[in-house]
Amino acid sequence: MQSADVDVAPAVTQAPASDSPRPERRSPLDSTLRLFTEVRPGEGLTAVIMFANVFLILCAYYLVKPVRDGWIAVSAVKGFSSAEVKAYTSFAQGVVLIGAMTLYARLVMRWPRRGLITRTTLFCMSNLLVFWMLRHAHIAGAAIVFYIWVGMFGLFVVSQFWAFAADLYGDERGRRIMPLIALGATAGAVAGSLITEAIVRSGTLDSSASLLLANVPLLASIGLTALADARGATGEGAHPPGPRPPAVPRATGDGQHVGVLALVFSSRYLLAVAGITLLMHWVITNGDNLLFRTVQEALTNDLAARGVADAQAMRVFVQEGTTAFYGSFFFWVNLCALVLQAFVASRLLKYGGFGVILLLLPIIALLSQSMMAVVPLLLVVRVMKTAESSTSYSINNTAQQVLWLPTTTEMKYKAKPAIETFFVRVGDGLAALTVFVGVRFYALATPALFVFNAFLVVLWLLLGVFVVREHQRLRDLQKVPGLEPQSFA
């Protein structure tokens, strides 16, 4: 695999404010937030701004995501089921994301982080308007393009927020504040899922209305990003007076130019993080594909029981039924995740440490995959996927943000989006390959696919242990006086 040829500088310029406790007394806001995590004097207001920011972003994302699944469910490709179309389109996302990563890496070297986030968010908002029009125009192939685009949305909006948050906070402060911010992400996902389900069940609007509605929270998030960037972590400002530097500056003098993927492969820590990300999404997407296929079979059986024969009526029933199912599914997943994030994540990180929160999901996944292999019924699959996904969206989401705290600014803005998009889609692509080989060539039954997933989880666990050890090594290196951040990897 060749790296994208992108010029970067390894230097870190936008260093967070000092993590040392501030001497003044806590405000009522700081004291209230201590219900969820440890907040020190002066940190509360920026933390709430970041909480609200990610709430709005994830609300928008979960207004869009169920529409993606409902649209692809009725996008027939001759010779393939809708489940196979969904799986193979995920693979195509990985290919497209190579170019998107290259473009994004160039943007982070050109624009300050506030301008970067503003411009990319506005770009995605304009795209949502275009896809809303395409949805009503019934243009062939538009659903596949939209499915691929949602991966871009994850890169340009969701992933860059977490890069911004990791850049704003230092390691010690980030370990305390990140669980609170992640709570906002979980709450936003619940809100978005609930709104989507309400739109579908109301009968007055079709599900595509969610695409227009998603622009409202995205627009508000731009203002909150500017406010948080101006305040800094404690309200003392994140920048000195004068022009803002790019999020990652270009190399100067003898500085080395590093490609996006070359940056990942140059660090054993980043490579291990990429590995567990790939395995995690291979496992999760395998399960998602099996759940999707089961839902389609259930809707088909329901159509037969109702005696519906009209092609257009069947299409609408499947599209709206799929969107409604996933709206409900995501709601319960995110509601459980909200409880875990609010009352478990920060305490588990504080008292159990990073290793516990990183390894909890693969342990739960191993149990759930084993259970679904033994009892592969729709109810069991839904319950197990709810447990797995709610842990992924809460405790594991916190772990995925904490693991970036001891890395450099370049790694946060370039390697992080690359891993969280490209390597995620490679995992999705391997899941598509699993469907193709397992179903088309070997006609494997559902339990056999769950057994294969359990094997992947074991590999995920082993690599996760290595990541925990490397993460501690990076934290220890940060404490060495005079050590350059570039040498951490």
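The values are calculated or read from the model by the stated rules, or taken from the named source; none is laboratory data. Computed from a predicted model, the values in this text were never measured in an experiment. Using ideal geometry, Cβ is built from the backbone for each residue, glycine included, and neighbour counts are taken over all protein chains shown. With ligands, DNA and RNA removed, areas are computed over all heavy atoms of the protein, side chains included. Shrake-Rupley method; radii C 1.70, N 1.55, O 1.52, S 1.80 Å.
All C-alpha pair distances within the range 106-171, sorted into 5 Å bins from zero, spread as 4, 15, 23, 19, 15, 10, 8, 4, 2, 1 percent across the bins. Between VAL383 and LEU462, the modelled label-to-label distance comes to 3.2 nm, taking each label 7 Å out from Cα in the direction of the beta carbon. Compared with the dominant principal axis of the Cα atoms in the chain, helix 268-306 is inclined by about 30°.
The calculated FRET efficiency for the pair ASP302 and VAL145, based on their C-beta separation and a Förster distance of 22 Å, comes to about 0.15.
Sorting the segments 391-404, 201-214 by their residues' average number of neighbouring beta-carbon atoms within 10 angstrom, most packed first, yields 391-404, 201-214. Among ARG176, ARG425, ARG25, the sequence by solvent-accessible area, most first, with a 1.4 Å probe is ARG25, ARG425, ARG176. Computed over the range 273-425, the percent of Cα pairs more than 21 Å apart is 55. As a rough guide to protection, the peptides 157-163, 418-424 ranked by mean Cβ packing within 10 Å, highest first, stand as 418-424, 157-163. When shorter helices are ignored and each DSSP H run of at least 4 residues is given -39500 (n - 2.57), the per-residue value for the chain at 222 nm works out to -23500 deg cm²/dmol.
Binning every alpha carbon pair distance of the chain at 20 Å from zero, what are the percents per bin? Whole-percent P(r) values from 0 Å outward: 24, 59, 17, 1. With 25 Å as the limit on Cα-Cα distance, the pairs of LYS385/LYS414; LYS412/LYS479; LYS65/LYS385 that go past it are LYS385/LYS414.
Taking all C-alpha pairs of the range 359-489, those more than 20 Å from each other amount to 57 percent. Highest-first packing order for the peptide set 184-190, 134-140, 166-172 is 184-190, 166-172, 134-140, based on the mean count of other beta carbon atoms within 10 Å.
Counting only alpha carbon atoms, the long axis of helix 378-393 and the longest principal axis of the chain meet at about 10°.
Using the alpha-carbon positions of the range 183-231, Rg (one decimal) and Dmax (whole number) come out as 13.5, 44 Å. Percent of C-alpha pairs per 10 Å bin in the range 117-221, short distances first: 13, 37, 33, 13, 4, 0.
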